[in-house]
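One structure below.
The values are calculated or read from the model by the stated rules, or taken from the named source; none is laboratory data. Keep in mind the model is a prediction, meaning the values are calculated, not measured. As a convention, Cβ positions derive from the backbone with ideal geometry for all residues, glycine included, and neighbour counts pool all protein chains shown.
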Amino acid sequence: MKSIKKIIFWKLSLWFLIITFLRNKFYDFGFLKSYSFGTPIISIGNLSAGGTGKTPMVEFLIDRLEDKYKIGVLSRGYKRKSRGFILASAVDDAKSIGDEPFQYYLKFNNIMVAVDENRKRGIKNLINLAADLIILDDAFQHRSVTPSYSIILSDYSNLFIHDSLMPLGTLRECRSGYQRANAIIVSKCPENFSKNEMKILTNKINLKSHQHIFFSKIIYSNHLISKTNSVKISKFSNKKVRVVTGIVNSKVLIKYLEDKRLIVSHTEFSDHYNYRDIDLLKFKDEIIITTEKDYVKLKNFNLKNLYYIPIKIEVFGKDDLIEIMNNKIT
């Protein structure tokens, strides 16, 4: 049975290869039009189907660029219950604009957050609203727009150079697509990641002359945040907690909490899951820990002890990345 499934997946991957290869070549040769803008555009994306840390990377860039630019963040708003262009406002929530855009809107006061399935239209609207820098979230495969600077992320535990096309693997397009990027960031690196390992991976990836590589790791907060307060994780040491996630890969989070001596029961939903009351009935009275992305949806349910754990990323050589990027977009 496994061998039959593998053969089917291999054949489907072959069709996926043909379709994505031809699509990219049509853009490369100009049969499909890609639009450029006078306003600088930074694209954040990946080759795989999620789980590489795009959201904290977008927040990393906002943190470092919002003092210099009037930033507009544009997403398609995956799994939102709306269509067209929406500029996030007080009337919106995760259902109307998507969980990640809603997270950006709640977290940053000095930027514009918008969603539009038509990236070109969304960019034009943000420019008309006086944005002088646009960050495209999850846009590497959206080749109808040519960004000023393109960043792709690849999870250290599942590097694109070792991956295969969907459905056999998780790649959205051929590995060779990485050549379009200006910067490659190997994300979620282990705590003790050495310079020698960085050198080995850099050699394996085979950078092109226009490319730079950087490495990043996740930094979890020592505090958990609820609607009303902030508590140290150590408060829950040796206590049973329920971890609820709707993300691609929760392993790093679970390990972090277990290393803090929490007794974890994990309930896992699909990525970008839209929660319902029935999903939460069994453990609504337990201590629940979730991600920030899930929290923006779960906070509206009747959950007595709901907390999220803030995260940020540390990019090794972050000053070099910002300098190189600024030189490219100005």
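If we scan region 113-125, do we find a residue that is of a type outside the set (A, V, I, L, M, F, W, C), crowded, with 19+ Cβ neighbours inside 10 Å and in the same structural domain as ILE42 (by TED's automatic domain parsing)?
No, region 113-125 has no match at all.
Of all residues in region 284-321, how many are surrounded by fewer than 16 Cβ atoms within 10 Å (Cβ to Cβ) and part of a helix (DSSP H, G or I)?
3
Quick one: which strands (runs of 3 or more DSSP E) lie wholly within region 218-275 and hold at least 3 residues that are touching a Lys or Arg at 6+ places or on another chain (Cβ under 7 Å)?
Fully inside region 218-275 and qualifying: 263-268.
Residue check, LYS33 against (1) touching a helix residue (DSSP H, G or I) at 6+ places or on another chain (Cβ under 8 Å); (2) assigned to a loop (DSSP other than H, G, I, E, B); (3) among the charged types (D, E, K, R), all met but one. Which one?
Only one criterion is unmet by LYS33, namely (1).
Do you know which residues across region 110-143 are under 20 Å from the mean Cα position of the chain (by Cα) and among the polar types (S, T, N, Q)?
Hits for region 110-143 are ASN118, GLN141.
Surrounded by 20 or more Cβ atoms within 10 Å (Cβ to Cβ), touching an Asp or Glu at 6+ places or on another chain (Cβ under 7 Å) and closer than 30 Å to ASP259 by Cβ: is that true of SER154 in this structure?
Considered against the rule, which asks whether it is surrounded by 20 or more Cβ atoms within 10 Å (Cβ to Cβ), touching an Asp or Glu at 6+ places or on another chain (Cβ under 7 Å) and closer than 30 Å to ASP259 by Cβ, SER154 comes out as no.
Quick one: count up the residues across region 80-105 that are touching a residue at least 60 places away in the same chain (Cβ under 8 Å), buried (at least 21 other Cβ atoms within 10 Å of the Cβ) and in contact with a helix residue (DSSP H, G or I) (Cβ under 8 Å, 6 or more places away or on another chain).
Looking only at that region, the number is 5.
Does region 312-330 include one or more residues that are touching a Lys or Arg at 6+ places or on another chain (Cβ under 8 Å) and closer than 20 Å to GLY98 by Cβ?
No; the residues of region 312-330 include none that is touching a Lys or Arg at 6+ places or on another chain (Cβ under 8 Å) and closer than 20 Å to GLY98 by Cβ.
Being modelled with pLDDT of 95 or more, closer than 27 Å to GLU323 by Cα and either under 24 Å from the mean Cα position of the chain (by Cα) or surrounded by 17 or more Cβ atoms within 10 Å (Cβ to Cβ) (or both) narrows it down to one of SER209, SER226, SER221, SER216, so name that one.
Only one candidate passes the filter, namely SER216.
Taking the conditions exactly as written (surrounded by fewer than 15 Cβ atoms within 10 Å (Cβ to Cβ), among the hydroxyl-bearing types (Ser, Thr, Tyr) and at pLDDT 95 or above), does TYR35 satisfy them or not?
yes
Against the definition (within 30 Å of LEU280 (Cα to Cα), of a type in the set (A, V, I, L, M, F, W, C) and at pLDDT below 95), how does VAL248 come out, yes or no?
The answer is yes for VAL248.
Quick check: is even one residue across region 74-89 touching a Phe, Trp or Tyr at 6+ places or on another chain (Cβ under 6 Å) and over 26 Å from MET325 (Cα atoms)?
Yes, there is a match, as at least one residue in region 74-89 is touching a Phe, Trp or Tyr at 6+ places or on another chain (Cβ under 6 Å) and over 26 Å from MET325 (Cα atoms).
Within region 72-90, does at least one residue satisfy the condition of being of a type in the set (D, E, K, R), at pLDDT 95 or above and within 21 Å of TYR308 (Cα to Cα)?
No, region 72-90 contains no residue that is of a type in the set (D, E, K, R), at pLDDT 95 or above and within 21 Å of TYR308 (Cα to Cα).
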